[in-house]
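**Q** First, the structure itself, so that you have it in front of you.
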């Protein structure tokens with residue numbers, strides 16, 4: 001029994017030694033994991049800052065028409081637009097919008113990066129060659145912009161919404177672009193919902209996009225009776241009472257266009 005006790009004691013000592021060794025290794029691994037997380041966060045912060053700075057420069061450069069023309073001549077704009085669409089979609093779908101609406105930090109590198117991407121797209125669409133290119137060769141991007149505007153809740157990311165709406169409006173200046181946008185069955189319901197966004201600039205640029213669609217007969221025929229819906233006029237009428245001068249004026253102009261459309265349709269029906 002004495003020998004058996006000594007044997008068991010020896011095994012116990014060996015197990016305790018092995019256990020202590022494993023604890024030390026576990027502590028070491030935990031420390032290495034913590035250090036790796038710190039380094040990874042530092043790398044992420046650096047990449048975010050670098051991306052924000054680079055895209056801000058890109059946004060600034062895209063304000064010049066010659067720059068956009070050069071990008072189109074180089075044939076590299078398509079690749080950027082594909083990455084831009086993925087970036088915007090990832091940003092919008094990966095964040096808790098309700099929390100973001102309360103703690104939105106416009107100065108964060110991530111937010112500035114996304115705004116710069118959207119701003120660059122808007123500037124490209126502001127150039128004749130650029131909007132023609134988007135109208136014919138960037139349908140995925142245009143669909144993504146409309147989809148993301150639909151996903152975002154009222155009052156959330158107003159600056160980003162405004163830039164995307166400006167991009168769509170710039171594209172609508174091209175007849176080909178306007179036709180493509182108007183063929184999307186969700187475009188009019190999207191504009192309706194954005195008219196109730198609550199942020200006056202979002203409402204303003206939604207009205208401008210709607211105005212663009214009211215100027216072309218082909219689009220009017222395509223959208224048909226949707227533009228005559230009383231709910232649409234009611235929403236525009238509410239904006240016509242806004243205290244923001246530019247929003248009020250644009251709403252009044254849009255209301256006149258809608259009323260003229262209704263009167264024109266009534267005259268045609270009476271003739272028939």
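The values are calculated or read from the model by the stated rules, or taken from the named source; none is laboratory data. Since the structure is predicted, the reported quantities are computational estimates derived from the model, not experimental observations. Methodologically, a virtual Cβ is constructed for each residue, glycine included, from the backbone with ideal geometry; neighbour enumeration extends over all protein chains shown.
**Q** Run residue 156 past the list (1) under 26 Å from residue 243 (Cβ atoms); (2) in the same structural domain as residue 94 (by TED's automatic domain parsing); (3) assigned to a helix (DSSP H, G or I) and report the number of the one that doesn't hold.
**A** (3)
**Q** Got at least one residue in segment 166-175 being surrounded by fewer than 17 Cβ atoms within 10 Å (Cβ to Cβ), in the same structural domain as residue 120 (by TED's automatic domain parsing) and out of contact with any strand residue (DSSP E or B) (no Cβ under 7 Å at 6 or more places or on another chain)?
**A** If we filter segment 166-175 for residues that are surrounded by fewer than 17 Cβ atoms within 10 Å (Cβ to Cβ), which is where we start, we get 173, 175.
Filter again for in the same structural domain as residue 120 (by TED's automatic domain parsing), leaving 173, 175.
Remaining after also requiring out of contact with any strand residue (DSSP E or B) (no Cβ under 7 Å at 6 or more places or on another chain): 173, 175.
Yes; the residues of segment 166-175 include at least one that is surrounded by fewer than 17 Cβ atoms within 10 Å (Cβ to Cβ), in the same structural domain as residue 120 (by TED's automatic domain parsing) and out of contact with any strand residue (DSSP E or B) (no Cβ under 7 Å at 6 or more places or on another chain).
**Q** Taking helices (runs of 4 or more DSSP H) that fall entirely within segment 1-106, which contain at least 3 residues that are modelled with pLDDT under 85?
**A** Values: elements: 2-61, 65-74, 77-94, 97-103.
Once the helices (runs of 4 or more DSSP H) in segment 1-106 are filtered for at least 3 residues that are modelled with pLDDT under 85, what remains is 2-61, 97-103.
**Q** Next up: Does segment 195-211 contain any residue that is under 11 Å from the mean Cα position of the chain (by Cα), closer than 20 Å to residue 232 by Cα and at pLDDT 90 or above? Walk me through how you get there before you give the answer.
**A** Quick first cut of segment 195-211, residues under 11 Å from the mean Cα position of the chain (by Cα) only: none.
No; the residues of segment 195-211 include none that is under 11 Å from the mean Cα position of the chain (by Cα), closer than 20 Å to residue 232 by Cα and at pLDDT 90 or above.
**Q** Turning to a different aspect of this structure: Could you tell me which numbered condition residue 169 fails, if it satisfies all but one of (1) part of a helix (DSSP H, G or I); (2) more than 18 Å from the chain's Cα centre (by Cα)?
**A** All conditions are met except number (2).
**Q** Next question. Evaluate segment 232-240: report whether one residue or more is in a helix (DSSP H, G or I), within 21 Å of residue 152 (Cβ to Cβ), modelled with pLDDT under 85 and not assigned by TED's automatic domain parsing to the domain that holds residue 122.
**A** yes
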